[in-house]
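Chemist: One structure follows; several queries about it will come next.
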Amino acid sequence: MTRSTIASRRARRVRAGLAAAALAGVCLAGLPAAPASAASPKVMIQSGAFRDYKLCAGPTDQLVRLRPVNVTDPFCEWKQFGDNSRFTLYNAAKDQVMAYTGGNEGVVVMEDSDTSPLGANGELWSWGGEENWGSFALQSFWDSGQNVDAKSPGDQDVARTDAVHTRGWRHGYQRELTWNAVPLH
């Protein structure tokens, strides 16, 4: 092999490496920024009131719904990016984040990162303090008075079957507004 052939191969490898790095940068640009994004474990967000249900991104729409815990579904796996006082909930199967849409009893949706009409805080959440039943309020960071609600609108003892909404802590029962992030292996 001549020196020019070796140099040519090296140059092609460098260009290929740079192209791969650029492609990786483009692919990762849409992910939410977080202190330990690669190390963030997957979690299931389990209802504090209805322990047999978990939060899931809708595979065919932009809504967040409840599904039974015993169902294995990548649309029910989340990554929390950020600390417990301010984080995004990212769903890799949907490649989107969970977002608050505003108002009391507003629908909770899935959307591309950095596209919320409410601004960046519309895509952020926080965990409230631990309640005596061992669960935490899942609060909108944009409006900490609004919590993700698992209760059916007409019956406090039934998990909702429609799209998940938010509700104020003082408006009725609280247990349905609490959740637990359960690590998945």
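The values are calculated or read from the model by the stated rules, or taken from the named source; none is laboratory data. Note that this is a predicted model, so its numbers are computed, not measured. Quick reminder, even Gly has a Cβ in these numbers, built from the backbone with ideal geometry, and neighbours come from all protein chains shown. These accessible areas exclude ligands, DNA and RNA; they are computed on the full protein's heavy atoms, side chains included. Shrake-Rupley method; radii C 1.70, N 1.55, O 1.52, S 1.80 Å.
Chemist: For region 93-158, what does the accessible surface come to per residue with a 1.4 Å probe? Please give it in Å².
Modeler: That works out to 43 Å² for each residue.
Chemist: Hey, another quick one. Are there GluC sites (Glu not before Pro) in region 65-123 that DSSP marks as loop and that have at most 15 other Cβ atoms within 10 Å, and which are they?
Modeler: Answer in residue order: Glu105.
Chemist: Counting only protein heavy atoms and a 1.4 Å probe, tell me what percentage of region 28-185's accessible area is made up of carbon and sulfur.
Modeler: 50
Chemist: Protein chains only, probe 1.4 Å: how do Arg67, Arg170 rank by accessible area, largest first?
Modeler: Arg170, Arg67
Chemist: Same structure again: May I ask you to derive the FRET efficiency for Ser144 and Gln62 from their Cβ-Cβ distance with R0 = 22 Å, giving the value to the nearest 0.05?
Modeler: Here the calculated transfer efficiency is 0.40.
Chemist: Further, regarding this structure: In straight Cα distance, which aspartates and glutamates are under 20 Å from Lys94, not counting same-chain residues fewer than 8 positions off?
Modeler: Filter leaves Asp61, Asp73, Glu77, Glu111, Asp112, Asp114, Glu123, Asp162.
Chemist: On a straight-distance basis, which lysines could pair with Lys151 in a cross-link, Cα separation under 22 angstrom, same-chain partners fewer than 8 positions away excluded?
Modeler: Lys54
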